[in-house]
Amino acid sequence: EVLPGPNNRPRSASGAESSAPGVAGTSDGVVLREVARFPNAATADDGGTLRWHLTALFEEVLEGLRAAGGAGPLDGIGIDTWAVDYGLLDADGQLLAEPVAYRDSRTEAVIDDVHARVPPSDLYVISGMQHLPFNTIYQLAAEQRGPWWGRAEQALLLPDLLAYWLTGARVSEYTNASSTALLDQRTGQWSGELMDRLAIPAGLFPPVVQPGEQIGVLSEEIQRRTGLGPVPVYAVGSHDTASAVASVPATGSDFAYISSGTWSLVGVELDAPVLTEASREANFTNERGVDGTVRYLRNVMGLWVLSESQRVWDERGEGIPIGPLLQAAAEEAPRRTIIDVDHPDFLPPGDMPARLAEHATATGQPVPETPAQVARCVVDSLAVAYRKAIEDAQRLSGQRVSVIHVVGGGSKNELLCQATADATGLPVIAGPEEGTALGNVLVQARAAGVLAGDLTALRAVGAGGLELRRYEPDASEREGWAAVG
Ligand code: LFR
């Protein structure tokens, strides 16, 4: 049995709640059994900086491990979380401060400076990453102006930090390391050139390990605290999206995926990166996947816009649960208001309905007034953004797409799945809901010798235990969708 660690996938089909599931699985058709789940949110500290509470999260991880151990012997542990964020360690290996969350605005002041040292076109050819203002490369530039930099000996990405706390071993897992924009996509190693040009010490991050390598075993202290033995901790696709894509129940290669939760990560799987100027301008990323694959994708803002709206309504005492909300949204007129949900205005936490209203007014469209209209606007806008991303991915990579796999919490959102099929004219296969956990488990089960085979074989094992739902494009909707976006 195996226990993946926390990620930032939502609990409900809507993405209404970010939480961190711990899931136990057996290789027997891969049955995922949830043993623990806990909320996870970034909050502003006294100085207004948005931070995760990783120390508290780690206690939850230990609680999850105790629960998993109680359910039977463990063959392995694999950890994944969202990407790009990190903790800084001092010379004694102590965490200097709770990690800053990527939605914090601190990088705004440093992006131009980074680009003055490394022009975006150079950065793209070396790292292959899309421009996201929160990429680790910019966060570190902000860090260099902050109070901890002088004492920072090492940086660990969040899954690597949790693994360090469990085992005492320090590594940089490859799929997540790629999201920093500091990895050289030609070598798969940290880019000495980029680090040099940005005055980042060469050894700031530990050496890169591949998914499937053993990071270590639970330290004696953790064994004591969890009641477990020296269970191995394996590197998996520690970037949650890498694990999610590994779970896609695809049989061939002509598929697009949407890893749908807080974010919607929309793209195709490739053997080699696409580093053209056109690809950079379209803001496509070449994140690394399990088994040497390339996750060629674009970040679409995702169900975050809706979950933040729900948070705001909750605070006002006007909360409406996701099920009834989506039902009401389905009754609304389709495509009434289509917003560019990828606009940076929607990145930070805040009053999303107000921001949607501003964008609607600015583009001469009806303002979504009711929660149902807001939900419909978000769903329709996401479907249009998905269509664009999938068209761009095909055009830029040459990869043909004949089916879309939706994995993650958003795969439960029927309105969104149908809108995606209708807007793209492609069939949508929805599931697994806990794709990240499944991809994590598949890779560590292979590492532990419980499963064997390549990624296609792992996917087939994973698919065996799933109930998938298929959505066909509705031809009568084709013209309506063709007219928008
Ligand atoms: C999804 C995800 C995305 C990444 C964003 C920030 O949970 O990991 O892939 O771009 O969060 O880390």
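Taken together, the values in this text are just the output of simple stated rules run on the coordinates, not laboratory data. Quantities reported herein were computed from a predicted structural model and do not represent experimental measurements. Using ideal geometry, Cβ is built from the backbone for each residue, glycine included, and neighbour counts are taken over all protein chains shown.
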Practice task
Using only Cα atoms, figure out Rg for segment 303-403 and give it as a multiple of 2.2 N^0.38 Å.
Solution key: 1.16
Fill in the blank from the handout: Checking rank on 84-90, 372-378, with mean other Cβ inside 10 Å and highest first, the result is 372-378, 84-90
Fill in the blank from the handout: Of all DSSP beta bridges with both partners in the chain, the antiparallel percent, nearest 5, is 70 percent
Problem - P(r) weight above 18 Å for segment 210-305, C-alpha pairs, percent - result: 56 percent
Exercise for the section: Could you tell me which helices of the chain pass both thresholds, a Cα extent of 30 Å or more along their own axis and a mean Kyte-Doolittle hydropathy of at least 0.0, with helices taken as whole DSSP H runs? Expected result: 371-397
Practice task
Set the Förster radius R0 to 30 Å, insert the Cβ-Cβ distance between A333 and H53 as r into 1/(1 + (r/R0)^6), and round the FRET efficiency to 0.05.
Solution key: 0.10
Exercise for the section: Please work out how much length the chain gains when fully extended from Q94 to R186, using 0.36 nm per residue of separation minus the C-alpha to C-alpha distance, in nm with one decimal. Expected result: 29.8 nm
Completion exercise
So R478 and R224, fully extended at 0.36 nm per residue minus their Cα-Cα distance, gain in nm 85.4 nm
Practice task
In nm, give the distance between the simple-model label positions of R316 and W149, each being 7 Å from the Cα along the Cα-to-Cβ direction.
Solution key: 4.1 nm
Handout entry: For the chain, the longest site-free run once GluC sites (Glu not before Pro) in DSSP loop states with at most 13 other Cβ atoms within 10 Å are removed
Key = 1-317
